[in-house]
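**Student:** I'd like to ask you about the structure that follows.
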């Protein structure tokens, strides 16, 4: 870890023997032109969306759709990959309005987060009315945007709204990076739903809840989907995301999904 200033740099902590690079660099907060350990961010996102579509087609089939769309900006390349693999048209029913807060989950006040999330997206009505839409977002952290987004889409005449997350359910706050302002893990939508379903007992089964192939995982998906009003909801699997990154899995930090350091 180094601190870089105009006067030079200072080593704060030497490199450890084992690499643990954050998977979110590729999934969410890495710049599209950046490359980490030989894998470009934008390329990984295309691959990740393709893996999601491939697995969904094999497991349950792709729903009937008019468009696949991304939640701008970082959801868009995942959606392009999904669209290409599923052979479904790509569209942009939402265009990002940039002169607002850069990250809608950053403000500490929930009311401010909700307002910022709403201001960030400008719709294209012609791509919404009477359309069956599938949206891909980079992640679902708190669920700040989801409910208002789906209500807006149906209010604008959408026939169906499906949601896909480009990473698994987030179960743990990051211990290492301050890219989220969560004060409690109960701020995370997945953890809130686990608590709602099983109380404190459910917190002992987070690994099962994070796996959509288990009964608890299916219950988590069903509950969030119904609560948010989606026609369907799926998360990328941890295995699929790691496959898309394409480097040695032992070098990837996945703490926020499985709690393993």
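Bear in mind these aren't lab numbers, they're just calculated from the coordinates by the rules spelled out. Please read these numbers as outputs of a predicted model, since none were measured by experiment. Cβ atoms come from the backbone with ideal geometry, glycine included; neighbour counts cover every protein chain shown.
**Student:** Any idea what angle helix 110-120 forms with the longest principal axis of the chain, computed on alpha-carbon atoms, 0 to 90 degrees, nearest 10?
**Tutor:** Roughly 70 degrees, rounded to the nearest 10.
**Student:** For a quick check, take a GNM of the chain with Cα springs below 10 Å and name the residue from 176, 235, 97 with the largest mean-square fluctuation.
**Tutor:** Comparing 176, 235, 97 in a Gaussian network model of the chain, the most mobile one is 176.
**Student:** Which angle between 0 and 90 degrees, to the nearest 10, do you get for helix 41-59 versus the longest principal axis of the chain when only C-alpha atoms count?
**Tutor:** 50
**Student:** Also, I was wondering about something else. In whole Å, what is the distance between the alpha-carbon centres of region 209-261 and region 18-75?
**Tutor:** Computed from Cα coordinates, the inter-centre distance equals 13 Å.
**Student:** So what is the relative contact order for the chain, in percent, with contacts set as C-alpha pairs under 8 Å and at least six apart?
**Tutor:** Numbers: 452 pairs, mean separation 52.2, N = 261.
Over the chain, the number comes to 20 percent.
**Student:** Let's test the formula: R0 of 25 Å, r as the Cβ-Cβ distance of residue 58 and residue 232. What FRET efficiency results, to the nearest 0.05? List each step's numbers first, then the result.
**Tutor:** Numbers: r = 16 Å, r/R0 = 0.64.
It comes out at approximately 0.95.
**Student:** Can you tell me how much longer the chain between residue 261 and residue 218 gets when fully stretched, taken as 0.36 nm per residue apart minus their C-alpha distance, in nm with one decimal? Could the numbers behind the result be given before it?
**Tutor:** Details: separation 43, 0.36 × 43 = 15.48 nm, distance 2.56 nm.
Additional length available on full extension: 12.9 nm.
**Student:** Show that you can apply the helix-only estimate: for the chain, add -39,500 (n - 2.57) for every DSSP H stretch of four or more residues, divide by all residues, and state [θ] at 222 nm to the nearest 500. Write out the running numbers ahead of the final one.
**Tutor:** Numbers: 9 runs with 92 residues, N = 261.
Counting only the DSSP helices, I get -10500 deg cm²/dmol.
**Student:** If I take all pairs of Cα atoms in region 22-258, what percentage of them are more than 34 Å from each other? Please report the intermediate quantities before stating the final value.
**Tutor:** Details: 2327 of 27966 pairs.
Summing the P(r) tail past 34 Å for region 22-258 gives 8 percent.
**Student:** Just to be sure I understand the model, the point goes 7 Å from the Cα along the line to the Cβ. What's the resulting residue 21 to residue 1 distance in nm?
**Tutor:** Here the modelled spin labels are 1.9 nm apart.
**Student:** On a 0 to 90° scale, report how tilted helix 215-228 is relative to the longest principal axis of the chain, with both axes built from alpha carbons and the result rounded to the nearest 10.
**Tutor:** 60
**Student:** Specify the residue with the greatest mean-square fluctuation among 214, 33, 88, computed from a Gaussian network of the chain linking alpha-carbon atoms under 10 Å apart.
**Tutor:** Per the Cα network of the chain with a 10 Å cutoff, 33 tops the list.
**Student:** Moving on. At 0.36 nm per residue, minus the direct Cα-Cα distance, what do residue 126 and residue 243 gain on full extension? Give it in nm, one decimal, please.
**Tutor:** Between residue 126 and residue 243, full extension yields 38.5 nm more.
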